[in-house]
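Engineer: Take this structure first; my questions come after.
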Amino acid sequence: MTREISRYGIGLLHRGCGSVGDATVKMASDTREYRYRVAIEWCRPADNGMFMSGGRFLNKVENDE
C-alpha cells in the first residue's frame, strides 16, 4: 500500500521486510497503469506485523521492458 507519495519518492506499507536496493513499483487506477524503478532506501517494522519503507523514484519503466 502507498502511504505517501511525492514527485521525488514514495512511502510504502507492506507485509514482510523488504530489501534496501532497487525495486519496481506498479501503480494503477481504473484506466491506467504505471511502473517505476525505485531506490528503496530504508525499511522498518510498524504495528501488527507490517513494515514501512521509503525510496526515491529513479525512472519510469516503459510497457515493453
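The values are calculated or read from the model by the stated rules, or taken from the named source; none is laboratory data. Keep in mind it's a predicted model, so treat the numbers as computed, not measured. All Cβ positions, glycine included, derive from the backbone under ideal geometry; neighbour counts span all protein chains shown.
Engineer: Of the residues A23, A28, which is hydrophobic (A, V, I, L, M, F, W, C) and loosely packed, with under 10 Cβ neighbours inside 10 Å?
Structural biologist: Among A23, A28, only A28 is hydrophobic (A, V, I, L, M, F, W, C) and loosely packed, with under 10 Cβ neighbours inside 10 Å.
Engineer: Say we look at the range 1-19 and pick out the residues that are within 11 Å of the chain's Cα centre (by Cα), closer than 13 Å to M52 by Cβ and among the hydrophobic types (A, V, I, L, M, F, W, C); which of these is modelled with the lowest pLDDT?
Structural biologist: This residue is M1.
Engineer: Would you pick out the residues in the range 15-54 that are part of a loop (DSSP other than H, G, I, E, B) and in contact with a Cys (Cβ under 6 Å, 6 or more places away or on another chain)?
Structural biologist: In the first step, residues of the range 15-54 are kept if they are part of a loop (DSSP other than H, G, I, E, B); the result is 16-20, 29-32, 46.
Answer for the range 15-54, where residues must be part of a loop (DSSP other than H, G, I, E, B) and in contact with a Cys (Cβ under 6 Å, 6 or more places away or on another chain): C17, G18.
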